[in-house]
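Below is one structure; the comments refer to it alone.
The values are calculated or read from the model by the stated rules, or taken from the named source; none is laboratory data. Being a predicted model, the structure only gives us computed values, none of them experimental. Note: ideal-geometry Cβ built from the backbone for every residue, glycine included; neighbour counts use all protein chains shown.
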Amino acid sequence: MAAFVYCDVVLVCDATDVNGILKGKLERVKIEEFEEMCRNNEDSLAKAAHSADTPPFEGATRGDDARHWIAKHAQQQHQTPSHADGGKRGRILSRTFCRADCSLLLRLRTRCASSTARRFFFGQADSPDCQHCGEVGNTEHPLLRCSRYSQERAKMLRRYAALGIACSTREELLFPSAARAQGVALTALLHFLHATDLATLL
């Protein structure tokens, strides 16, 4: 016989059924609540479960490392690259930004901004292409490529360059590599979004 505690109940079963129980196949299991167990001798069950006659459970199940794997996978999906790589999670955005700006940056970082391609995907636009240059209007397009915003974009890129931050990709633009200058860089990005009216479009 083997006994173990799960969710305030004691599961009592044959040692050969432990593998089936942990796999979710509950067979020949007798569940006794603690109140009834206290009337009997629960110590005898504990001794029987740990006696030499009870073979140790050696078979690993699929759920043994599921929690660890899910937590690791969720961390890898984090929007901050340093935390996704296993580093310590830091503050996502500075407290100096207002709530609307934080919401805008978060939408851009999580690819949930209302871009032309996204509106087309949900049936809210006739075409996924940009109305100004004809390219696919994804989240990166107005930030890095659309010719309509080239003048304001050049100002933003100069501010990034002055901080020593490369910004040739969406990740480099939204996740500045310089930790101390991150707030200044994101302020330049927000200035670009407001000057081009992208803050209301996205």
**Study point:** Pairs with Cβ under 8 Å, 6+ apart, first in region 116-136 and closer than 15 Å to Leu202 by Cα, second surrounded by 14 or more Cβ atoms within 10 Å (Cβ to Cβ) and of a type in the set (Phe, Trp, Tyr)
**Key:** Pro128/Phe120
Check your understanding: Of the residues Cys130, Cys102, Cys167, Cys98, which is at pLDDT 85 or above and in contact with a helix residue (DSSP H, G or I) (Cβ under 8 Å, 6 or more places away or on another chain)?
Key -> Cys130
Exercise for review: Go over the candidates Ala113, Ala178 one by one and state the one that is under 29 Å from the mean Cα position of the chain (by Cα), at pLDDT 85 or above and either surrounded by fewer than 13 Cβ atoms within 10 Å (Cβ to Cβ) or in a loop (DSSP other than H, G, I, E, B) (or both).
Suggested key: Ala113
Exercise for review: Enumerate the pairs (first residue in region 159-181 and under 16 Å from Leu108 (Cα atoms); second residue anywhere and among the small types (Gly, Ala, Ser) and assigned to a loop (DSSP other than H, G, I, E, B)) with beta-carbon separation below 8 Å, excluding pairs fewer than 6 apart on the same chain, so at least 6 apart or on different chains.
Suggested key: Glu172/Ala166
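Given the structure, is His132 touching a Lys or Arg at 6+ places or on another chain (Cβ under 6 Å) and in the same structural domain as Leu108 (by TED's automatic domain parsing)?
Working: touching a Lys or Arg at 6+ places or on another chain (Cβ under 6 Å): yes; in the same structural domain as Leu108 (by TED's automatic domain parsing): yes.
When the stated conditions are applied, His132 passes them.
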